[in-house]
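For reference, the structure is listed below as structure tokens.
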Amino acid sequence: MTPRTSLGTLFAAPTLADLLWPVFLLTGWERVSIVPGPNPFLTLSFDAFPISHSLLTLVGWGILFALLYRLRTGYARGAIVVALLVASHWVLDFVTHAPDMPLYPGSPRVGLGLWNSVAGTVIVEGLMFAAGTWIYLRETRARDTAGRYGLAALLALLVGSYVGSLFTGPPPTLRALEIGGIVFGWLFVLLAAWADRHREAVA
């Protein structure tokens, strides 16, 4: 759809809310509580995250991200896709989260609660991951060894971290959650951008 857009950007846009969120936790602008329990998807209580995760602010973040992307690249089609991807985070969280997703700061909170079903969540998210991987592999090819094995390493890291999150329990402290969210969130973006530089669009 946007062959000129880096995979790193395509990682950053839909996860922008989660890249901003740990920063806002560190500043105290947003709040979360750790709630240990048997369901690995329900170990956090999202007490307040209207700046990073409300629908209204994500539309605003999407517009800002798209404008910066357009200024940097001149790629209008890519900018539109980037804006939509940023806002899509709210839609996906609305499906998975318990009713804690704000429409705008201070609004009633909503959510369909897919996370209540571990099996359902793993199936849905696994199918989405598989579909995204298939599309990318179909639309690109490796330029060199790094393009082949770098992408394989990225995919293995993503799968490994997801599977690990199902069995490792909640984060030990809020600070670990904050620092880990920043480090690993940007690590995935940077690895995706690096792997993508070693691949090219299929004509």
Label-to-label distance, nm, for residues given as LEU155 and ILE80 (7 Å Cα→Cβ offset): 3.0
Cβ-placed point charges (K, R +1; D, E -1), dipole of region 122-203 about Cα centre in debye, nearest 20: 180
Of the trypsin sites (Lys or Arg not before Pro) in region 101-191, those whose Cβ has at most 12 other Cβ within 10 Å and which sit in DSSP loop: ARG143
Cβ charges +1 (Lys, Arg) and -1 (Asp, Glu), total dipole of the chain, debye: 640
Phi to ³J(HN,Hα) by Karplus 6.51 cos²θ - 1.76 cosθ + 1.60 over region 78-86, Hz, x for Gly, Pro: x, 5, 5, 5, 4, 4, 5, 5, 4
Alpha carbon centroid spacing (whole Å) that separates region 1-72 from region 98-169: 14
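Once the Cα gyration tensor of region 1-119 is diagonalised, what are the square roots of 5 times its eigenvalues, in whole Å and ordered largest first, as equivalent ellipsoid semi-axes? Could you put the intermediate results ahead of the total?
Details: eigenvalues 153, 48, 33 Å².
Equivalent ellipsoid of region 1-119: 28, 16, 13 Å, largest first.
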For region 8-21, Karplus couplings with θ = phi - 60° (6.51, -1.76, 1.60), whole Hz, Gly/Pro x: x, 5, 5, 7, 5, 4, x, 9, 4, 4, 7, 6, 7, 4
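Every number here is computed from the coordinates shown, using simple stated rules; none is lab data. Not measured: the values here are computed from a predicted model. Backbone-built Cβ (ideal geometry, glycine too); neighbour counts: all protein chains shown.
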